[in-house]
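Here's the structure, in structure tokens; my notes come after.
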Amino acid sequence: MHYVIHCLDHPNSVEKRLAHYDAHRAYLAGAKIKTLISGPLLADDEKTMIGSCFLVEAENLAEVEAFNRNDPFYAIGLWQTISIHPFHKRVDNR
């Protein structure tokens, strides 16, 4: 099953995000669930990072929640809001 993880940072958290970026990337590279797409969400200026978005593949929601809780960004309290939803992919034009 596919899941979308949508996270918004606490305001003014770019420096905190950048300070822990390498740990976050290393975590994603070694994660047990498959990340199909991931990247930072951007502010209206299309440059300032304000959150994270992931499309992952996992067996169940509990697996995705555990994946999210073990992310270094979660551990440092970067994200103000986190929403995780099952996703039914209908179109993939890659």
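Taken over region 50-61, residues that are touching a Leu at 6+ places or on another chain (Cβ under 7 Å) and within 16 Å of ILE82 (Cβ to Cβ) amount to 6. Tallying residues that are surrounded by 13 or more Cβ atoms within 10 Å (Cβ to Cβ) and touching a residue at least 40 places away in the same chain (Cβ under 8 Å) within region 29-66 yields 12.
For region 67-94, the tally of residues that are closer than 24 Å to VAL14 by Cα, surrounded by fewer than 13 Cβ atoms within 10 Å (Cβ to Cβ) and without any contact (Cβ under 8 Å) to a residue 12 or more places away in the chain stands at 1. HIS24 meets all of the listed conditions (1) touching a Pro at 6+ places or on another chain (Cβ under 9 Å); (2) under 17 Å from PRO86 (Cα atoms); (3) not aromatic (Phe, Trp, Tyr) but one, namely (2).
None of the figures in this text is laboratory data; all of them are computed from the coordinates on show. This one's a predicted model, so the numbers in the text were calculated from it and none came from an experiment. Please note: Cβ atoms are built from the backbone with ideal geometry, for glycine as well, and neighbour counts cover all protein chains shown.
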